[in-house]
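The values are calculated or read from the model by the stated rules, or taken from the named source; none is laboratory data. In this text, all values refer to a predicted model and were calculated from it rather than measured experimentally. Backbone-built Cβ (ideal geometry, glycine too); neighbour counts: all protein chains shown. Please note that ligands, DNA and RNA were not included when accessible areas were found on the heavy atoms of the full protein model with its side chains. Shrake-Rupley method; radii C 1.70, N 1.55, O 1.52, S 1.80 Å.
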Amino acid sequence: NADTRPGLERNLAMQRSVGVRTEMISLADLRALEPRADFAEDACGAFEPEAGYVDPVQATEAFATAARQQGAVIEEFTPVNGFEVAGGRVISAHTPRGSFRGGAYVLATGAWSARLGTALELELPITPQRAQLALFRQPVEFGHSHAVFADFGHMTYFKPLTAGHTTIGTIDDREARV
């Protein structure tokens, strides 16, 4: 609508400036893309024909499997309490289960990475945020999955998941700061 269109246009310009193929689409295009949705008469949207998303759990498991196949040792559920550093390199990681030495280390602690990074004098631009979302089961008669939608008027998004589910969450970062 008229209130959110300028922000959408700025977002599209920013995305194009970094090489994302995206375009503004009309209400007719939106309805053709998802005829099951109920769009307001003044709705407009953006479409990214090459866009997609990744299931973070599946992606993490895939990376972990590939790393293990190459000889990596992954210590899950083992908090790191500190490091031994020499010559600007991590020599060992200290945990309640003992110290672990390795030739390379991966800091893959998600929202906790910035806090742990300070022990290594790393300034990581990571800010934990609360995610408010709900999971809905799509009716059997819903048919095929749907596109990912962001509704900036209501500050929500709709994303299909596997097994006939949809996640609906907030995109209002004023609520998300922790």
- Taking amide hydrogens as modeled 1.01 Å from N in the peptide plane, which residues meet the under 5 Å criterion relative to Phe83, leaving out close sequence neighbours? His94
- When the solvent-accessible surface of protein heavy atoms is calculated with a 1.4 angstrom probe, in what order do Tyr53, Tyr105 fall, highest first? Tyr53, Tyr105
- Task: Determine the order of Arg36, Arg97 by accessible area, beginning with the largest, at a probe radius of 1.4 Å.
- Result: Arg97, Arg36
- Kirkwood Rh and Cα Rg combined as Rg/Rh, region 79-174: 1.20
- Using only helices, what value at 222 nm comes out for the chain when you add -39,500 (n - 2.57) per DSSP H run of length 4 or more and divide by the total residues, to the nearest 500 deg cm²/dmol? -7000 deg cm²/dmol
- Item | Point-to-point label distance, Phe63-Ser99, nm (Cα→Cβ direction, 7 Å offset) | 2.7
- Message: List the GluC sites (Glu not before Pro) within region 18-122 that DSSP assigns to loop and that have no more than 12 neighbouring Cβ atoms inside 10 Å.
- Response: Glu41, Glu50, Glu75, Glu76, Glu121
- Query: Using 1/(1 + (r/R0)^6) with R0 = 30 angstrom and r between the beta carbons of Arg5 and His144, what's the FRET efficiency to the nearest 0.05?
  - Reply: 0.55
- Rounded to a whole number, what is D in µm²/s for region 1-145 from Stokes-Einstein with the Kirkwood radius over alpha-carbon pairs (20 °C, 1.002 mPa s)? 106
- Message: I'd like the distance separating the alpha-carbon centroids of region 61-78 and region 111-128, in whole Å.
- Response: 21
- Task: Provide the FRET efficiency to the nearest 0.05 for the Ala37-Leu122 pair, computing r from the beta carbons and using R0 = 30 Å.
- Result: 0.10
